[in-house]
Amino acid sequence: MTRTITRGAGAVALAGLMALAPTVANASTGVQESRAFLGTTIEKTSASAKRTALQQAYDHAAAYGYTPDQCVTVHLYSVKISFVMYRGEAGINCTK
């Protein structure tokens, strides 16, 4: 249980740092916009939880005009929360 709480706290800290990521200035093309997105879900299998969380993060990015080729996966994992349920989390960072 302590391990799950520690992972959750680490994920929250990572998400907070991702949200504070500054925009990057590029001399040749002007200013680039960088943004982080987080997806979370609960599913019946570990693989399904990861896949759904990652898709959710990409869906959030698409709502802000980012394409999948503009994004990088920062973290992707799942944690068993009960006998048959897994919590999945995915974080991506997108730049355009």
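No lab work stands behind these numbers, since they all come straight from the coordinates. All values reported here derive from a predicted model rather than from experimental measurement. Heads up, the Cβs are rebuilt from the backbone with ideal geometry, glycines too, and the neighbour counts pull from every protein chain shown.
To the nearest 0.05, what FRET efficiency results for K96 and H75 with a Förster distance of 25 Å applied to their C-beta separation? Intermediate values should be presented prior to the final figure.
Numbers: r = 21 Å, r/R0 = 0.84.
Calculated value: 0.75.
When you count, for each residue, the other Cβ atoms within 10 Å and take the mean per peptide, how do 35-47, 60-72 rank with the highest first? Display every interim value, and only then the final one.
Values: 35-47: 17.2, 60-72: 13.8.
The peptides rank, most packed first, as 35-47, 60-72.
How far apart, in nanometres, would the label points at T67 and S48 be if each is projected 7 angstrom from Cα along the Cα-to-Cβ direction?
3.2
Restricting attention to the alpha-carbon atoms of the stretch 29-96, what are Rg (one decimal) and Dmax (integer), both in Å?
13.4, 51
Applying the Karplus parametrisation 6.51 cos²θ - 1.76 cosθ + 1.60 with θ = phi - 60° to the phi angles of the stretch 54-69, what ³J(HN,Hα) value in whole Hz is obtained for each residue in order, glycine and proline being reported as x?
With coefficients 6.51, -1.76 and 1.60, one gets 5, 5, 5, 4, 5, 5, 5, 5, 5, 5, 9, x, 8, 9, x, 6 Hz.
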